[in-house]
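The values are calculated or read from the model by the stated rules, or taken from the named source; none is laboratory data. Note that this is a predicted model, so its numbers are computed, not measured. All Cβ positions, even for glycine, are placed from backbone atoms using ideal geometry, and neighbour counts span all protein chains on display.
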Amino acid sequence: MPQHRYMLPEDRIPDRWYNIAADLPTMPPPPLNPGTGEPIGPEALAAIFPMALIEQEVSTERYIPIPDPVREIYAMWRPTPLYRAVGLEQALGTNCKIFYKYEGVSPAGSHKPNTSVPQAFYNKEAGVARLSTETGAGQWGSSLSFACQRFGIECDVFMVRVSYDSKPYRRLMMETWGGTCIASPSDQTNAGRAILADNPDSSGSLGIAISEAVEVAATHDDTNYALGSVLNHVLLHQTVVGQEAKEQLEMAGAYPDVVIGCVGGGSNFAGISFPFLQDKIEGRDIRIVAVEPSSCPTLTRGTYGYDFGDTAQMTPLLPMHSLGHGFIPPSIHSGGLRYHGMAPLVSHVVHEGLVEATAYSQIECFTEAVRFARAEGIIPAPEPSHAIRQVVAEVERAKEEGVEKTILFNLCGHGHFDMAAYADFLHGDMQDLDVDETELARATEALAALPGIV
């Protein structure tokens, strides 16, 4: 049987991150100070981020060198494999070529350490003793706990309550690496206490957990904040994924007609797609598709304007697609995709028509996740099951058009800690959770008081 796994030697780990801001035809609008409405400067972020990350956040340099200590830790799992999904192709009865980049081989089981390691490194260099953060499904919290352990930094993680309860082994991963995991909303912050006073049974959200983590960082001199998605520097760090994939596809003698990634805050999607988006901007004929849950349809139904990145309105105003900072998504199993907003860079390229967006329900995504697991042997995390669903849609589209396509998607993590979700699906207990239209209208209405984007 021919080899369908494409591996790069360790010395081919990228030595630089790719910054899409250098090549965009137009730049996204700047973040704003919510009090003045004026663009914020680096000083506004200095209370919770080290200067090295702030410089990356505002950089327009095309490439930013990866520090050697970061690359040395990357070498624990990078380069990650690229697979030709021959089993899935056969299961779908297609002549399309399907490839997937598999990020589940990292210590934390997802793509998240690609940014947790450099964030911990730069904070250690700045003399920071502790990092606070939020996590949805737990992949980011476990990844930051891992990275902080490597650099001798304490780590506090506010985990969205519904995931804290349903994914205890993610919580134990964090604790094994020395992290402290707190269910959010919690009684440890003003933001958490306010939410609990209003709704003691709140299932939580990433917006609430962000508020708690930012509050801790802003009120403790020895603590900085780390974010697992959304901000420019986070998306920047993830581009090692797409850079490796391009080189591996060259080994396979292939180039994608379409690149697909699931999208919640934007990090794994940017990681796989931005190096290919560079080619699209330069004139290459390629489609790029972002896939989100229909129960949290930020790109497909959200408003493109300014909004807070968190529920308690502690962050700057970010230019992004948003369902409203007060929106509480239904408690779907894809906890990493339950975010009211979207990365400004991802929002911008969707708004400019460079990237397509679509959404699916969780039952149809799990249907394809199980088919993938039986065809390829890897059990996907619930989040990338959305990308797999879009792969099937692309195969169906290619059949209708009478063409053969090369399809690439990012399998951004494994589902070994998500078997309760698979149990619900396999036993017929899973439900499709629709958006509460009243809740969406209420949350969206609040956006009317915030600046729009011209």
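Which of the residues that make up region 300-313 are buried (at least 20 other Cβ atoms within 10 Å of the Cβ) and either in a loop (DSSP other than H, G, I, E, B) or without any contact (Cβ under 8 Å) to a residue 40 or more places away in the chain (or both)?
Gly302, Gly309, Asp310, Thr311, Ala312
Scan Ala312, Ala290 and give me the residue that is over 19 Å from the mean Cα position of the chain (by Cα) and within 27 Å of Glu439 (Cα to Cα).
Criteria check complete, one pass: Ala312.
Do you know which of the residues in region 3-59 that are among the polar types (S, T, N, Q) and either in contact with an Asp or Glu (Cβ under 8 Å, 6 or more places away or on another chain) or within 30 Å of Lys246 (Cβ to Cβ) (or both) is surrounded by the most Cβ atoms within 10 Å (Cβ to Cβ)?
At the first step, the residues of region 3-59 found to be among the polar types (S, T, N, Q) are 3, 19, 26, 33, 36, 56, 59.
Narrowing further to those that are either in contact with an Asp or Glu (Cβ under 8 Å, 6 or more places away or on another chain) or within 30 Å of Lys246 (Cβ to Cβ) (or both): 3, 19, 26, 56, 59.
Details: Gln3: 8, Asn19: 23, Thr26: 8, Gln56: 21, Ser59: 17.
Step by step, filter region 3-59, then rank; the result is Asn19.
Restricting attention to region 185-206, which residues are in a loop (DSSP other than H, G, I, E, B) and either modelled with pLDDT under 95 or not β-branched (Val, Ile, Thr) (or both)?
Pro185, Ser186, Asp187, Gln188, Asn199, Pro200, Asp201, Ser202, Ser203, Gly204, Ser205
List every residue pair whose Cβ atoms lie under 8 Å apart, where the two residues are 6 or more positions apart in sequence or sit on different chains, the first residue falls within region 132-151 and is among the basic types (Lys, Arg), and the second residue, located anywhere, is in a helix (DSSP H, G or I).
Arg150/Ile73; Arg150/Val117; Arg150/Ala120
Go through region 115-144 and give me each residue that's closer than 18 Å to Gln238 by Cβ and β-branched (Val, Ile, Thr).
Listed by number, the residues that qualify are Thr115, Val117, Thr133, Thr135.
If Ala443 satisfies all but one of (1) outside any loop (DSSP other than H, G, I, E, B); (2) aliphatic (A, V, I, L, M); (3) closer than 24 Å to Tyr164 by Cβ; (4) in contact with a helix residue (DSSP H, G or I) (Cβ under 7 Å, 6 or more places away or on another chain), what's the number of the condition it fails?
The number of the failed condition is (4).
Show the residue pairs meeting these rules: Cβ distance below 9 Å; 6+ apart or different chains; first residue within region 207-231 and among the aromatic types (Phe, Trp, Tyr); second residue assigned to a loop (DSSP other than H, G, I, E, B).
Filtered contacts from region 207-231: Tyr225/Ala47; Tyr225/Ile48; Tyr225/Phe49.
So how many residues does region 249-274 have that are in a helix (DSSP H, G or I) and surrounded by fewer than 22 Cβ atoms within 10 Å (Cβ to Cβ)?
Residues that pass the stated criteria total 3.
Just checking, which of Val395, Val350, Val403 is in contact with a strand residue (DSSP E or B) (Cβ under 7 Å, 6 or more places away or on another chain) and either among the hydrophobic types (A, V, I, L, M, F, W, C) or part of a helix (DSSP H, G or I) (or both)?
Going through Val395, Val350, Val403 in turn, the sole match is Val350.
Quick check on this structure: which one of Arg161, Arg130, Arg150 is modelled with pLDDT under 95, basic (Lys, Arg) and over 30 Å from Ala375 (Cα atoms)?
Of the residues listed, the single one that is modelled with pLDDT under 95, basic (Lys, Arg) and over 30 Å from Ala375 (Cα atoms) is Arg161.
Do we have any residue at all in region 65-82 that's surrounded by 21 or more Cβ atoms within 10 Å (Cβ to Cβ), touching a residue at least 24 places away in the same chain (Cβ under 8 Å) and touching a strand residue (DSSP E or B) at 6+ places or on another chain (Cβ under 8 Å)?
Taking every residue of region 65-82 in turn, at least one turns out to be surrounded by 21 or more Cβ atoms within 10 Å (Cβ to Cβ), touching a residue at least 24 places away in the same chain (Cβ under 8 Å) and touching a strand residue (DSSP E or B) at 6+ places or on another chain (Cβ under 8 Å).
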